[in-house]
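Single-structure report; data block below.
Here, each number is a calculation from the coordinates, and none is a lab measurement. Computed from a prediction, not measured in an experiment: that's the story for all the values here. Backbone-built Cβ (ideal geometry, glycine too); neighbour counts: all protein chains shown.
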Amino acid sequence: MSTWSRYASLVSSPVAQAAVWPPPAAIADVSSCGDEYRIGVGDQLNVRVWRNEDLSVVVPVRPDGKISVPLAGDVAVGDQTPEQVSAIIVERLSTYIRDPYVTIIVSNMAADSYRCRVRVTGAIVNPLSIPHREGMTVLDVILEAGGTNEFANPAKTILFRGNGERLKVNLQRILRKGDMSTNYALAPGDIVTIPERIF
């Protein structure tokens, strides 16, 4: 019987239903992928200065997180919202223009497609990188990746947070005993890694 068949039978068994392990506490929302978009490297910005077409430009965000705008010079836009970038440029242009009005449009959200993903690597059937979805857990992405392969050591699974935190995940207990105490909720940028067994 495969690991996934055993898991399905375990979850439906009276023993598993009697033993209830609470899931870990939900994490604080550290996502930059919600309603308030934050600009990243690779994005393309359409900077429009009202009644000043000569100052209006379409520019990519450079690897250093900056863009170049006429008269305003180099502007740091990395991890800023379009509204924040607009305010910075307005302040700089005020030296040269009376009451400048600036709008920022993100015309190509290249950075968002990578920043807002979760990844599964290691001894897994199908390593994957998928968009983060609200409520997604370690078990969800393991199942979506097709489960562990025959070389996996699921008890030593590690969750690497996008903020640098490292958490131990006992995937073996999740699958065999229904113990959800390390079935952490995932955030954008997280990586779940399943190591191989040492023979």
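Assorted remarks:
- Note, ³J(HN,Hα) from phi for the range 129-136, Karplus 6.51, -1.76, 1.60, rounded to Hz, x at Gly and Pro: 9, 10, x, 5, 10, 4, x, 5
- Separation of the range 153-188 from the range 31-102 is 40 Å, based on Cα centroids.
- Under 5 Å, built H, 5+ apart or other chain: amide partners of K66: V77
- Approximate spin-label separation V90-M109, in nm, with each point projected 7 Å along Cα-to-Cβ: 2.3 nm
- Summarising the amide proton neighbourhood of L128: residues at separation of 5 or more, or on other chains, whose placed amide H is nearer than 5 Å comprise V120.
- Fully extending the segment from S56 to N126, taken as 0.36 nm per residue of separation minus the present Cα-Cα distance, adds 20.6 nm.
- Taking amide H as placed 1.01 Å from N in the peptide plane, the amide H of A185 sits under 5 Å from that of I27, each at least 5 places away or on another chain.
- Label positions at R98 and D140, each projected 7 Å from the Cα along the C-beta direction, are separated by 5.5 nm.
- Cβ-derived FRET efficiency at R0 22 Å, R161 paired with R197, nearest 0.05: 0.35
- Backbone phi angles across the range 39-50, fed through the Karplus curve with coefficients 6.51, -1.76 and 1.60 (θ = phi - 60°), yield HN-Hα couplings of 6, x, 4, x, 5, 10, 10, 9, 9, 10, 10, 4 Hz in residue order; Gly and Pro are listed as x.
- Karplus (6.51, -1.76, 1.60) ³J(HN,Hα), θ = phi - 60°, over the range 81-89, in Hz, Gly and Pro reported as x: 7, x, 5, 5, 5, 4, 5, 5, 5
- Among the chymotrypsin sites (Phe, Trp or Tyr not before Pro) found in the range 39-117, those both in a DSSP coil and sparsely packed, with 12 or fewer other Cβ atoms within 10 Å of their Cβ, are Y96.
- GluC sites (Glu not before Pro) restricted to DSSP loop in the range 123-154 with at most 14 other C-beta within 10 Å: E134, E150
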